[in-house]
Ligand code: GLU
């Protein structure tokens, strides 16, 4: 298949859509992104990669970090996670408080904010003051790229404006589902969200999720096959908040978005994909990025269904 030609076709097709939707502004530092930026990378398990657009441009991975935090937690805590975070789609926005109140502070899944905050709390308990460094190192290892850093400007901006995340953490603490200081746990969470990477690095970081947990380039075992299955299942059912059904319906691949404008998607046994375009739809998912992935599955025929 001529993947480069497919990417170029997608770039042409989505050009009129760039700038539609809105860049996130509730984290002030994200508001500086250019709504017309676009990049896309395909990384095949055979080692080949294909790119279109601003592939060098780094952006904060935001909620895509929830996938990597949950991978670490699954490896460390196995079944003990489920009493604190469930694995059901929420059908609610990523930062909603309502469901959490009537479900006794137990988040629906690890890919909405409260779920990821509980996972951050578990990692904070386990790693102590090196939680932030341990998550970054895990991510660098999946990319096999140790130049990846945390963008402290984004971190500070989110830390200073994270009112809803403080509210979520406090509510869960009142139910006994946050064990550390709110500040410490949110510090871990905000740092993970502020990891900065480009589409080439992001696609590379999730390549093992297309290959039963083994990095096909280095042969490192990053996740066991059972956990890899679970991560992909969660990305399919919960990876796009209250638009997860719509994403599965239109794209037909497991995927995870972030409010920075990035999305990763997995074609099992074939490739990982990363796309970037910072203008978001009403659900907080990249507008053009989602469309680019839909076109990709249409043109390539690669879908899990
Ligand atoms: N850091 C963001 C927040 O907590 C993550 C949300 C997202 O990427 O969807 O609000």
Using a basic spin-label model with each label point 7 Å from the Cα along Cα→Cβ, how many nm lie between residue 48 and residue 246? 3.4
In whole Å, what is the distance between the alpha-carbon centres of segment 225-304 and segment 86-162? 19
Taking 172, 1 and counting other C-beta atoms within 10 Å, the order from fewest to most: 1, 172
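With the contact rule set at Cα under 8 Å and sequence spacing of 6 or more, what percent relative contact order holds for segment 164-305?
About 18 percent, as a whole number.
Residue separation times 0.36 nm, minus the C-alpha to C-alpha distance between residue 220 and residue 134: what's the value?
Gain on stretching residue 220 to residue 134: 29.2 nm.
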Once a ≥ b ≥ c are taken as the square roots of the eigenvalues of the Cα gyration tensor of the chain, is the result rounded (a/c under 1.5), prolate (a/b larger than b/c) or oblate (a/b not larger than b/c)? prolate
For 211-222, 28-39, ranked highest to lowest by mean beta-carbon neighbours within 10 Å, the order is 28-39, 211-222
Averaging sequence separations of C-alpha pairs under 8 Å and six or more residues apart, then dividing by the length of the chain, give the relative contact order as a whole percent. 28
Along the Cα→Cβ direction, 7 angstrom out, place labels at residue 171 and residue 153. What is the inter-label distance in nm? 3.3
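Read-outs throughout are calculated quantities, based only on the coordinates presented, and are distinct from any laboratory measurement. If you're wondering where the values come from, they're calculated on a predicted model, not measured in any experiment. Here the Cβ is made from the backbone with ideal geometry for all residues, glycine too, and neighbour counts use every protein chain on show.
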